[in-house]
Amino acid sequence: MLGEILGAINAVSYGVLTSYALRQHLFAFVTLSRKHKDIYVDYEPKHTVSIIIPARNEEKVVGRTLEYMSKLDYPVDKMEILVLNDASTDRTSEMAHEWSSARARADLQNVTCRIQSQIRRICKLRRRSP
C-alpha cells in the first residue's frame, strides 16, 4: 500500500516537472524566434558618465584599457575618462597623455596623486561635516 502511494506521488511529481520543463523550453523558443524591433536605434543618452581608471605602474595595460574605453558605444561628448595615476614610477602617465593627445580627447584627465592619502582626506572631511 505504501509502495503504491509513493509510486503515485513519484509519477505525479515527474509529470509536473516534465511539463514545467517543456513549458520553459517552449517559452524560450517563442521568445527568441520573434523578430524584435530595435528600440534603442534612436536613443540618445542624456547623462554624462565618468569612467575612473585607477592606475599604479600599469604601463603594460593602460594603453589597451584606454583603447577599450574608446570603443564604447557611448557619445564622446557625454563621456569623461579619468586616469588616477597613483604615483607611478613607470610610463603610465606618459602613455595616458600620449593616448589622449593622439585622439584629441580633452576629456582624459591624468590625475596624479597618492590615492590612499586622498581617501583618508575625504574620510576626515566627511567625519567633520554635520
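The values are calculated or read from the model by the stated rules, or taken from the named source; none is laboratory data. Since we're looking at a predicted model, the values are computed, not measured. Neighbour counts run over all protein chains shown; Cβ positions are idealised from the backbone, glycine included.
Quick look at the numbers
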read-out: Odd one out for residue 48, checked against (1) within 30 Å of residue 69 (Cα to Cα); (2) at pLDDT 85 or above; (3) exposed (fewer than 10 other Cβ atoms within 10 Å of the Cβ); value: (3)
read-out: Filter pass, residue 80 being assigned to a strand (DSSP E or B), in contact (Cβ under 8 Å) with a residue 24 or more places away in the chain and under 27 Å from the mean Cα position of the chain (by Cα); value: yes
read-out: Hits in segment 39-55 (condition: hydroxyl-bearing (Ser, Thr, Tyr) and touching a helix residue (DSSP H, G or I) at 6+ places or on another chain (Cβ under 6 Å)); value: 48
read-out: Breaking point among (1) among the polar types (S, T, N, Q); (2) in contact with a helix residue (DSSP H, G or I) (Cβ under 7 Å, 6 or more places away or on another chain); (3) surrounded by 14 or more Cβ atoms within 10 Å (Cβ to Cβ), for residue 88; value: (2)
read-out: Segment 56-85, residues that are over 16 Å from residue 103 (Cα atoms), touching a helix residue (DSSP H, G or I) at 6+ places or on another chain (Cβ under 6 Å) and modelled with pLDDT of 85 or more; value: 58, 59
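Quick grid of which residues meet (1) surrounded by fewer than 10 Cβ atoms within 10 Å (Cβ to Cβ); (2) of a type in the set (D, E, K, R); (3) assigned by TED's automatic domain parsing to the domain that holds residue 103:
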{"residue": "2", "(1), (2), (3)": "yes, no, no"}
{"residue": "5", "(1), (2), (3)": "yes, no, no"}
{"residue": "26", "(1), (2), (3)": "no, no, no"}
{"residue": "42", "(1), (2), (3)": "yes, yes, no"}
{"residue": "58", "(1), (2), (3)": "no, yes, yes"}
{"residue": "77", "(1), (2), (3)": "yes, yes, yes"}
